[in-house]
Each structure stands twice: as C-alpha cells, then as structure tokens.
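The values are calculated or read from the model by the stated rules, or taken from the named source; none is laboratory data. Predicted, not measured: the structure shown is a model, and the values here were computed from it. Here the Cβ is made from the backbone with ideal geometry for all residues, glycine too, and neighbour counts use every protein chain on show. Note: areas computed on protein heavy atoms with side chains; ligands, DNA, RNA excluded. Shrake-Rupley method; radii C 1.70, N 1.55, O 1.52, S 1.80 Å.
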Amino acid sequence: MSQAPPTSIESLMVPEVMKALRLSRSKVYDLIRSRQLESFTIGRSRRIAADSLRTFITQQIEEAA
C-alpha cells in the first residue's frame, strides 16, 4: 500500500531553512547528512519539505523540555 502524499506541497531551499533556523549553510547540511532534517533532491537542487522543517523544530522543542 502506498503512502499518501503530504498535505502541504511547499518545499524550501537550503538558504530559506538557514534563515528560518538562523543557522549556517554547513550546519543545515550537517543536519541533512545526519538525517535529523529530511530532504530530497530535484536534479542538483536540495529541497526540504516545510512539514519536515516543522517536525524537526517540534522534536527540538520536545528534547529541550
């Protein structure tokens, strides 16, 4: 059985995630490499689904509590 597509279609580029999290480019790529932040590629462009960013932020808040 296939998984349903996400309800939000919005995807962000790395610079947008950098701005949202106020992190450096290398730190964002570190999060992607360590699979803490889910991403996908289209051609040579790395994208992060808005839902993945929200999930990451929620996880960070829960861990800090």
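Taking all protein chains in place and a 1.4 Å probe, what share, in percent, of the accessible surface of the chain do carbon and sulfur account for?
That share works out to 53 percent.
Grab the other residues whose beta carbon is less than 11 angstrom from that of Phe40, score K and R as +1, D and E as -1, and report the net.
Overall, the nearby charge balance is +1.
Ignoring ligands, DNA and RNA, what accessible area per residue does the chain give at 1.4 Å, in Å²? It would help to have the intermediate numbers written out before the result.
Numbers: 5280 Å² over 65 residues.
Dividing the accessible area of the chain by its residue count gives 81 Å².
Let me cross-check Ile42: its accessible surface, 1.4 Å probe, with only protein heavy atoms counted, in Å² to the nearest 10?
110 Å²
Counting only the heavy atoms of the protein chains, how much of Ser52 is accessible to a 1.4 Å probe, in Å² to the nearest 10?
So the heavy atoms of Ser52 present about 20 Å² to solvent.
When only C-alpha pairs under 8 Å and at least 6 residues apart count, what is the relative contact order of the chain, in percent?
34 percent
For the chain, what class follows from the C-alpha gyration tensor (a ≥ b ≥ c being the square roots of its eigenvalues): rounded when a/c is under 1.5, otherwise prolate if a/b is larger than b/c, else oblate? Each step should come with its number before you reach the end.
On the way: a/c = 1.76, a/b = 1.14, b/c = 1.55.
Oblate shape, in that a/c is at least 1.5 and b/c is the bigger or equal ratio.
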